[in-house]
1. Pull up the range 298-313, narrow it to residues that are free of Cβ contacts under 8 Å to residues at least 60 places away in the same chain and out of contact with any Gly (no Cβ under 6 Å at 6 or more places or on another chain), then point me to the one that is nearest to Val477 (Cα to Cα).
2. For Thr673, state whether it is of a type in the set (S, T, N, Q) and surrounded by fewer than 20 Cβ atoms within 10 Å (Cβ to Cβ).
3. Filter the range 605-648 for residues that are modelled with pLDDT under 90 and charged (D, E, K, R); which is surrounded by the fewest Cβ atoms within 10 Å (Cβ to Cβ)?
4. Filter the range 448-465 for residues that are within 27 Å of the chain's Cα centre (by Cα) and hydroxyl-bearing (Ser, Thr, Tyr); which is farthest from Glu115 (Cα to Cα)?
5. Please go through the range 314-346 and give me each residue that is touching a Gly at 6+ places or on another chain (Cβ under 6 Å) and either without any contact (Cβ under 8 Å) to a residue 24 or more places away in the chain or not in a strand (DSSP E or B) (or both), ordered by number.
6. Provide a single number: the residues in the range 466-477 that are closer than 18 Å to Glu115 by Cα and at pLDDT 95 or above.
7. What are the residues in the range 43-70 that are under 27 Å from Ser229 (Cβ atoms) and buried (at least 17 other Cβ atoms within 10 Å of the Cβ), if any?
8. Give the range 352-407 a look and list any residue that's surrounded by fewer than 19 Cβ atoms within 10 Å (Cβ to Cβ), hydroxyl-bearing (Ser, Thr, Tyr) and outside any loop (DSSP other than H, G, I, E, B), or say none.
Amino acid sequence: MRVDDGPEQKSVAFGKAGTLAPWLANFSFWVSHPESSSLTIRATDGGKQLGVVSAPLASAVWNRDSKKDLPAPTWLDLSDGAGRVRAQLIVLKAPPAGAPHELKVLVGTWNVGNEPPPADLTSWLQCGQGRPKGGSRTPSRRNSMEELAAAGGNLPAPPSKDDDDASASSKASSAKLPPVAPRDVADAAGVDSDDSETDADPSNDGKKAKKKKKKKKQQPPPPVANPESGVAPKKFGTYDMVVVGCQEGDYDPRDGFDKCEDDWVACLANTLGDSYSLHCKNTLGQMRICAFVRADVAPAVHHWLKSTEATGLGHIMNNKGGVGISCRVWDTSVCFINSHLAAHDDMHKRRDDDFAEIVGGCKFGEKLECTEAFHHLVWMGDLNYRCEWGIEQGAEIKRKPTEERFNAMLAKVKGGPPGRAEIFKHDQLTRSRLAGDAFLGFQEGDPAKSHMPTFKVQREPGFNYKTQRTPAWCDRVLWKTAEGFVAKQTSLTAAGDVGTSDHKPVASGLTLELLAHSATVHIESDDPSAAAEPTSPMRETPSAISAFDVALDVAPEQSSATGTSPGKVRRTQTVDATKSTSVKDTPFLRKLFQTMCCCLYPSNEWSAPTSQWILRFEALSATNLIASDINGKSDPYVVFFSSVLEDPGKYAGPNVKNPKWRTKTITTNLNPTWPCDGKSVPTLPLAVSDADVIGREHLLIRVMDEDTLSNDDLIGSGRLYLGDFGDAIRAGKGGKIEKLIRLTSKGRRAGELMLSLVLEKNPHAA
């Protein structure tokens with residue numbers, strides 16, 4: 001698919017009958033002039049073109065304020081009799097770059113306790129829309145979600161050639177999800193057993209805990225997730241996006257599902273209603289994360305990436321760790337990570353280390369660590385941090401509390417917010433966050449004020465606690481926001497009526513500030529084909545188009561979406577971030593080549609006729625860098641990149657591989673100072689001159705340790721907010737920023753970078 005002469009985006013993972021699973025059928029483009037543009041869809045098989053069709057976009061322009069229904073899905077005939085394509089096209093006008101714009105997100109986290117959840121989760125995920133009504137959709141055989149999405153009964157049959165009313169066909173085939181009676185959670189609680197902590201609990205004296213088995217009622221299977229979700233909703237939910245993470249989510253799937261994951265997704269889809277569709281999901285062991293996007297927001301959401309990191313036994317086992325997804329909403333980068341950290345009261349430091357390992361291991365196509373790479377990072381999960389109330393300083397922390405301490409804590413907890421606040425003062429996570437040992441720079445609401453401790457409860461409705469563990473707020477939602485952006489928590493609740501697990505589900509409502517402009521996505525890579533992002537000029541009225549719920553009667557080739565076209569569309573990229581996206585030479589040969597060829601990196605002697613503004617360093621130094629070499633020192637250099645910078649490849653020359661905006665290396669130094677003489681530190685040309693764009697962006701910074709016989713090591717990452725330069729450009733004059741930037745590595749302090757950066761007009765500009 002492509003808009004006009006822009007880049008192609010190719011579909012992936014086609015199922016049976018040439019259909020796409022609902023969460024794989026979403027594509028986004030930048031469109032400059034939707035009234036005169038068209039979307040071209042090309043069907044191929046092994047590189048051979050089967051057919052093509054072009055759809056004008058003028059009729060797809062939609063404004064929610066108009067209170068009109070979304071543009072309906074339509075059937076399009078491919079040329080040469082190759083079949084038909086069913087697509088819903090929506091064009092939304094992007095908000096002005098300088099105007100405030102918000103994304104409302106509901107974030108849910110729950111340790112499921114390896115038991116089937118209730119079919120109705122509305123008390124937890126309150127999104128303003130109940131379950132859709134309709135007839136039964138119970139599958140007649142055990143199918144995966146992918147098979148069900150491809151089944152003829154779930155997608156509308158292609159209309160006949162003489163059927164001109166495509167919309168009527170769509171309406172006739174839009175099946176609704178069946179209602180599910182609320183489950184008796186007390187009767188369906190299942191086995192009342194401890195979680196995985198119990199087996200290692202020395203208080204059991206090597207004896208296995210006795211399990212009380214209860215007779216289960218036969219649960220009605222949840223309905224199949226409707227592929228029509230998000231296509232033509234009658235009512236929109238409260239939140240723009242719903243992101244749900246679960247831990248210990250391994251249980252026997254109910255009738256109708258082969259996999260637990262499919263059962264889980266169906267429960268969520270049924271709860272959220274038909275205005276939401278699943279856009280991305282990721283799984284690691286018993287941890288899962290799913291992102292549902294509301295239909296009217298879907299066109300602005302793109303560039304989904306995934307990553308995982310296991311922190312279990314040997315740092316390999318996936319019983320603990322993190323699973324994450326990231327995307328861009330308009331041009332704001334957002335990341336969500338769901339994690340399950342080490343258990344037990346005495347494992348405070350291990351939890352801190354697990355966090356650091358997840359930060360260092362979860363990559364989302366960026367070389368910056370996730371704590372610095374995104375405008376908004378939301379972290380959820382069973383973080384397992386406990387409360388040390390009632391323990392004298394320096395005393396041994398035991399996993400099982402004494403009866404006296406347990407009863408005293410329980411009295412405080414049940415005494416209301418003041419008592420809970422007293423307990424929460426001794427929360428391990430808060431202590432780590434303030435000390436910078438973990439979650440440095442993150443924000444959090446007040447769990448003690450909002451709800452009861454979520455762990456360790458009886459598997460029944462209500463907050464009744466088991467005596468073998470102290471009550472604690474293990475299930476948390478935190479967030480980190482880049483400077484210049486705002487994130488607010490609007491709600492924080494725990495669903496006490498859900499009684500199938502020894503944890504209560506937690507939901508947090510967040511409002512994330514967004515920006516929308518057509519500046520390029522900042523991806524920095526050692527891959528020559530992706531070393532720098534091409535530059536796109538700003539458009540006056542950019543729009544985004546989304547084509548989703550696509551069903552082809554042919555099987556196109558599988559590929560990823562890549563490419564860009566200056567001045568036309570946003571570049572989008574589909575990347576499996578669990579695999580390396582870099583292509584590197586043998587480190588020794590690469591370093592030898594560096595030594596022999598002084599022109600390997602861009603020269604600072606350049607002229608940039610297209611750049612109206614430049615960034616020039618007057619001072620650049622670092623202090624207290626962490627040591628990366630065995631001699632206790634480092635050989636630091638600094639790399640700069642941003643969505644608003646020119647491509648360094650334009651100034652590097654044809655023989656330069658992997659060009660970067662970088663400084664020279666200073667050897668054997670943890671407190672280096674780079675001379676700003678025009679040779680050691682690059683001058684950075686800006687690709688755009690729009691004050692609204694530059695005033696909302698950041699200069700991203702990586703401090704690296706240069707190694708001769710191995711790959712260079714990351715010392716620390718940071719970012720500089722360019723907000724003041726936006727005002728300077730509006731005034732038509734230069735400006736200066738002097739700032740101390742805190743560097744982080746694996747979410748912890750890694751030193752400081754002091755810089756003085758001047759914005760001035762390019763003397764070489766035409």
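The values are calculated or read from the model by the stated rules, or taken from the named source; none is laboratory data. No experiment lies behind these values; they were computed from the predicted model shown. For neighbour counting, all protein chains shown are included, and Cβ atoms are generated from backbone atoms with ideal geometry for every residue, glycine included.
1. Gly312
2. When the stated conditions are applied, Thr673 passes them.
3. Per the stated criteria, the residue is Glu605.
4. By that ranking, first place goes to Ser450.
5. If the condition is that a residue be touching a Gly at 6+ places or on another chain (Cβ under 6 Å) and either without any contact (Cβ under 8 Å) to a residue 24 or more places away in the chain or not in a strand (DSSP E or B) (or both), then Asn318, Asn319, Lys320 are the ones that fit.
6. Of the residues in the range 466-477, 1 are closer than 18 Å to Glu115 by Cα and at pLDDT 95 or above.
7. Ala43, Val53, Ala55, Leu57, Ala60, Val61, Trp62, Leu70
8. The answer is none; no residue qualifies.
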